[in-house]
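Novice: There's a structure below that I have some questions on.
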């Protein structure tokens, strides 16, 4: 599918603007009204804008990589799927600057570039394991700003995914956003600023990286990742914010969700069906799969469903980033 490039025509053709305003007025009109011609450098892979408060970014670049589920395990808010369907997720990065070549194929290194303020943009994770694709999204703004999760895995109608297609070798679609969405700070507190974006993408998908190591059963339960998981879960139960922040990734998805506007629902989904004692939770851990500086830990819930927790190495220390 080639991009329709509706942004520029919508600015130039009033009739088209009237026809599409019910979905989402082009961001160029809400932004500074300037002609967008010539601003895009990403060719046919991506067209879009992101505006955060007073800052405006042209999303010139896009990159997509497959992420394999480990044994069909699910994260909080995801639904379990049968093993007879596609088990992969696809992670899409839409950014203002190109992702460094040395980070391609490595999600942890891309996140490191975001923390170093080398990139700004949006991260989208598509789970096409069901007939109707589900997805989540978050801002990529670096350390000083909240990498805010703006769409939970449980869904929501504010952000519209249009013309989505995942054909194995590529991924494409458009996301339309309503007018300005509240912006939250690093502590999950709503600010007086808003963000908005409009984007189309059509790009190839890199294959999922191969594991660099796998640790199972008793050995997995004695790893640093296991200790971090047990401590973080205990900190969430006790509302120990300082301990939670110490062991969760800076600017990570879980760091925002545990403190954000939907924290009660997210914490309930995170803790749902996990073994209630530290000993039983440790015993439920079955495997840790490493992909360089990124690792996925698998644990079995009391209901028998496999749960996945993701870790990344930050400044030499492992941190929990997704749950």
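Computed from the coordinates by the stated procedures, all read-outs in this text should not be read as laboratory data. Every value quoted in this text rests on a predicted model; they were computed, and no experiment measured them. As a convention, Cβ positions derive from the backbone with ideal geometry for all residues, glycine included, and neighbour counts pool all protein chains shown.
Novice: Over region 213-322, what is the mean sequence separation of C-alpha contacts under 8 Å (at least six apart), divided by residue count, expressed as relative contact order in percent?
Specialist: Averaging sequence separation for qualifying contacts and normalising by length gives 32 percent for region 213-322.
Novice: Can you pull the one-decimal nm distance between simple spin-label points at residue 246 and residue 216, each 7 Å off the Cα toward Cβ?
Specialist: 3.4
Novice: Can you sort 217, 96 so the residue with the fewest Cβ neighbours within 10 Å comes first?
Specialist: 217, 96
Novice: Between residue 227 and residue 102, take the C-beta separation as r, use R0 = 30 Å, and let me know the FRET efficiency to the nearest 0.05.
Specialist: Calculated value: 0.50.
Novice: Name all residues of region 171-200 having a backbone nitrogen under 17 Å from the label point set 7 Å from the Cα of residue 157 along its Cα→Cβ direction, giving them as ranges.
Specialist: 176-179, by backbone N distance to the label point.
Novice: A further question on this structure: Exposure proxy check: 314, 242 ranked by fewest other beta carbons within 10 Å?
Specialist: 242, 314
Novice: Based on other C-beta atoms within 10 Å, arrange 256, 49, 164, 159 from fewest to most.
Specialist: Least crowded to most crowded, the residues run 164, 159, 49, 256.
Novice: If you stretched the chain out fully between residue 117 and residue 79, how much longer would it get, using 0.36 nm times the residue separation minus the C-alpha to C-alpha distance?
Specialist: 10.3 nm
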